[in-house]
1. Look through A:Ile109, A:Ile104 and report the one residue that is open to solvent by 50 Å² or more (accessible area, probe 1.4 Å) and under 21 Å from the mean Cα position of the chain (by Cα).
2. Identify all residues within the range A:480-496 that are over 17 Å from A:Arg183 (Cα atoms) and either open to solvent by 30 Å² or more (accessible area, probe 1.4 Å) or not in a helix (DSSP H, G or I) (or both); write none if there are none.
3. So which residues in the range C:18-47 are farther than 24 Å from A:Gly507 by Cα, of a type in the set (A, V, I, L, M, F, W, C) and either within 14 Å of chain A (Cβ to nearest Cβ) or surrounded by fewer than 19 Cβ atoms within 10 Å (Cβ to Cβ) (or both), if there are any at all?
4. State all residues of the range C:126-139 that are in contact (Cβ under 8 Å) with a residue 24 or more places away in the chain and more than 18 Å from B:Gly168 (Cα to Cα); if no residue qualifies, say none.
5. Can you name the number of the only condition in (1) at pLDDT below 90; (2) under 19 Å from C:Ser159 (Cα atoms) that C:Gly94 fails?
6. Which residue out of A:His384, A:His425 is of a type outside the set (A, V, I, L, M) and farther than 30 Å from A:Leu500 by Cα?
7. Pull up the range A:289-345, narrow it to residues that are farther than 28 Å from A:Arg475 by Cα and β-branched (Val, Ile, Thr), then point me to the one that is modelled with the lowest pLDDT.
8. Somewhere in the range A:258-281, is a residue over 27 Å from the mean Cα position of the chain (by Cα), modelled with pLDDT under 90, assigned to a helix (DSSP H, G or I) and among the aromatic types (Phe, Trp, Tyr)?
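The values are calculated or read from the model by the stated rules, or taken from the named source; none is laboratory data. All figures in this text were calculated on a predicted structure; none of them were measured in a lab. Counting neighbours? That spans all protein chains shown, and the Cβs are built from the backbone with ideal geometry, glycine included. Note: areas computed on protein heavy atoms with side chains; ligands, DNA, RNA excluded. Shrake-Rupley method; radii C 1.70, N 1.55, O 1.52, S 1.80 Å.
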Amino acid sequence: MSARVELGLVALIGIGLALVPVVAPGDTYLLNSMQYVLALAMVAVGLNIVTGYAGLLSLGPGAIFAVGGYAAALLVEHHHSADLGLMCLVSLVVSALCGAVIGIPALRIGGFYLAMVTLFLALLVPVIAGSWDVTGGTTGISLVSILDFTPRWTGVPLYELTTGVLIAVTVLSWLLLRSRLGRRLLLIAGGDELPASLGVRPYSTKLLAFVLSALPAGLGGAFYVYSQQFMSPQSASANLSIYLVAACVIGGLGTVAGPLVGSLLVLCLMQFLGGLQAHAGIYFGIALIVFALGLPKGVVGEALEAGGRDWRGLLRRTAAEIGVPAPAGRAAGNQPSPVARARAVLTPAPAATTGLRVLGASRAFGGVQAVAGVDLAVAPGTVHGLIGSNGSGKTTLLNLISGYYALDAGEIWHDQRRVDGLPAHVVARTGLARTFQTPKLVEGLSLLDNVVCATSQVHPCSAASSVLRLPGGVRADRAARERALECLDAVGLADRADQLADKQSHGVRRTLEIARALAVAPATLMLDEPAAGLSEAELEQLREVIDGVTAAGVGVLLIEHNLAFVFGCATDVTVLHQGRCLASGPADEVRSDERVRGSFLGAMA
Amino acid sequence: MSLLLNAIVTGIAIGAVYGLIAMAYSVVFVATRVFNLAQGDLVMVGVLVSFWAIEIRHWPQVVALLVVIGVVCALSLVEERIAVRPFLGRGVDDIGWFISTLAFGLVIATIATNLYGNRPPLPVASPLTKDAIRIGSVTTTPQLLLAFATLVLVTVLLELFYRRTWLGHALRGTAEDREVAALRGISAVRMSRIAFLLGGVIAGLAAFVIAPVVYADVSLGLSYSIKGFVALAVGGFGSTRGALAGALSLGVAEQVFDLYADPHYELLAALLLLLVVLTVRPHGIFGSAKARTV
Amino acid sequence: MSAAVLQVRGLSAGYGRMTVVRDIDLEVAPGEALAVVGRNGVGKTTLLKAIAGVRAGSNSGQVLLDGADVSRAPADTMARRGLALVPEGHRVFGGLTVAENLMLGFFPWRRSRTRSLEESLARVHALFPILADFADRPAAALSGGQQQMVALGQALMASPRVLLVDEPSAGLAQVVIAEIYAALRTLRESGTAVVVVEQNLDIALRQSDRCLLVDNGRVVVAGRSEELLVSGELTETIHGGAR
């Protein structure tokens, strides 16, 4: 039960905030200032979803906050009878739309374009709002002057309601992080290749993250307008966006309580600095540099780590805790072999396939022909070894098959579908799983959760039902966890299921990748140097896993330098040299081929 | 028609202002792959120092120029040391420098605001005549022509520097492959310092030249940064000629937007230009796909 | 071997949390060629990088260059002190032309210098004439073999006393390999010490004075190359080790 620390922290903060009117009764100035802080804290919680979880730097949370705020203010201006509920609804819809409109072009390029485009918007929105008649120009929109508008919520009840909503939003972000959708966001944070290899579309996931982060920002805008009774360009200056980023970084990006703690720290200081407010930029700027440099996990993250708990520790749950039974029939004595276990997780066998076929694949980078006219076929239930010296084009070929690069010429077919030219995540969904030369893992997650990232694809449910823990989502998530544990068991890692990925040895990390690849129940499995750096015992285990995989009718494309290992399990072998096939055929023939023997030191084995 | 022609000429002249800022960015980016978000604030500080040296201290133009370049260079080097160098070894994925340069910009902008006080944005006297230059139906000012000439000069000198000098090769090489550069005796830290020094010189020069055009306005730093970014993104990162083309396109786009739409929403023109170019040519006019990954 | 220009004592190195090179000793004299062979992934590249000052993880042991302890010197200092590593994979600066690549290798602010820029360039062009012909082409547009020549030529521009070369023959055609080794021979004759990591055992033994077989991060066999070539000891050990 190491987990719930952060949630406890959130609860404590909630209680503390709720007690403010009790501690300082009748202090309306304080209450009003705190309303402002709470509304902006919601924006910070949203920012954390896109920047903390999904790793996409957004520098314009203030822009979406402003859009949400103006939407709510305009609603009241035109429909005096509107109240908080309707304002929130309109703000949510408008800010989500705004997030989509910004995200669609800005996320296309990747890199730091989202950061720059959002920073641009942070600058742009107040300028536009200040010039536009509809938004009231520089004076903005004042609700006080609308005599028909009588807010239903005021004073302490409004304050308590805002606190409640802020805590609810934070708890929702906690539920999100621990759901399959949250894991998908964490996958995205590590780059496009890993999610694509699991059939997750990177672009739409990023867009979803950005839109999700816009929702609390819009809600914050509605609460700001409702409590402060006005909206003006000064309400959302570009510096506000920078302070909100500062709040998240100082509190701890990627932690659940971090944005809450950070925004309370930063915004309360801003509100109550008094005469020093003019210097706020200096203090927070320096604090921001210090945190970005030396304390990248923020106050909450560093404190959790110092406290001996990992900052994402709450994602860890032991198998026992989540109620997954140990795989059946595991009493001592009748323990099934790894071969049988690997076979079991791939059963029922995928529908009969024609396997993987590569025809005349070519690709050049600059002046170098990395892959030139390579033919290759991986039949179901067999192992095809792919060997060659460093730089001979093996990994490039694998990346071509995966759809990471486009072919210059040639065709790739998998399971009777032509897959070249398809986006990588679509290629993966045809049942093509792979591992990476340098293991790509979600470091902050447990081994089990790393595999669950993949099994969630096998046991689908709507993202909402997983986040909100609806019965369908709970059932699918449980099934995904059970399957993940079976996959870990198949590669012999079940006893480490709840350990963190970044604390593991090289061998375990490689093996974990294989478990994750098995988890999507592939028709063809591509392994990129799976034996590199493995101990003898681990090698033996790997051999058995590969045997089990082929026994289940799955084809394996094996890139490996350890030739003894390749010739020990491959039916066919292709030798690449300078991007071309030097030899290809049944393993025995290739082994005795003079050209191959002459070309490799290791081939003398 | 003459309105449009005027808008284009003014656009090119204003584009020269953005171009000078973009060059300062580009020099730093090419060598370190760091996009210095405080660059706009450095230029803003340079403009303020121009104002102080010329309008308050009444120093000669040449002295003022040297002081401006000196102050901006010093700030640039301080920034390099505290906000950029610690991140250099951490790999391209680490976006810490993004936050730290933004924060550094916030710090110097706040300091500048406090020092400048409550004065409204004030003009800085131009060393040149204020009389407009007329060629046919087109009018422009000598100061804008000076900005354009400076931009062309800086671009040419930079191209020569990159193509002809060992240091230029070393800066480009370091950006491409830090490890091999180190194996050839080129220290990444030293290159980063040189890049920020050079970026500071250009930013200082830019500030001095544009000061009579833009007024001493402490709030403009971030928008300089953004405009410089748009110029680079439109032209293509890492290419000096691209930065030039991007900046001029941006200037013209703004003036044409002012003419046919509404000058109040001028900022929108830059955003639209950025989005259009990114949709049609994601790597910019002169950019290659390779530059994108950084 | 008392006049060794490079001495390595008890070097251990690795990347991240892995130690891949364990307690290695080696030395090489001016004009001598030392070949390091072994299967892929046994730590040869890490060894060369650790000597050259490219460190990505834990590091211990001693590296002496002309008797001076340079164990903690970073890569750029090592290069300026006269040790050049040509990493594997013909890594050149693709955006620079061939001429610019070569010029970049000539570090202009070195105190002790044996050759001027023109002399260095002439020497590299004599070794690889094609680099003079292709001077204005971007290095990215060259073939792998030509890029390897650019990489070697770039390292030679600094007139290093010790040249470390990682897998110069990998992925190259026989003619190109022959040209590259001919160049390395010329260098040795002019007194440069060469350490080469080579995959091809036959080439390694024929083109070196001494040879080290590395397995699992340690030196398993060491000896004179001619003797090892005759005895077949290496082949046997690898035969056993690769099982």
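1. Working: A:Ile109 fails: open to solvent by 50 Å² or more (accessible area, probe 1.4 Å).
Selected residue: A:Ile104, the only one of A:Ile109, A:Ile104 that is open to solvent by 50 Å² or more (accessible area, probe 1.4 Å) and under 21 Å from the mean Cα position of the chain (by Cα).
2. Step one: filter the range A:480-496 for residues over 17 Å from A:Arg183 (Cα atoms), giving A:486-496.
Once the filter is applied, which keeps residues that are over 17 Å from A:Arg183 (Cα atoms) and either open to solvent by 30 Å² or more (accessible area, probe 1.4 Å) or not in a helix (DSSP H, G or I) (or both), the range A:480-496 yields A:Glu486, A:Val491, A:Gly492, A:Leu493, A:Ala494, A:Asp495, A:Arg496.
3. Result: C:Ala29, C:Ala35, C:Val36, C:Val37.
4. Listed by number, the residues that qualify are C:Leu127, C:Phe128, C:Leu131, C:Phe134.
5. For C:Gly94, the exception is condition (2).
6. Working: A:His425 fails: farther than 30 Å from A:Leu500 by Cα.
Result: A:His384 is the single residue among A:His384, A:His425 that is of a type outside the set (A, V, I, L, M) and farther than 30 Å from A:Leu500 by Cα.
7. A:Val339
8. Yes, the range A:258-281 contains a residue that is over 27 Å from the mean Cα position of the chain (by Cα), modelled with pLDDT under 90, assigned to a helix (DSSP H, G or I) and among the aromatic types (Phe, Trp, Tyr).
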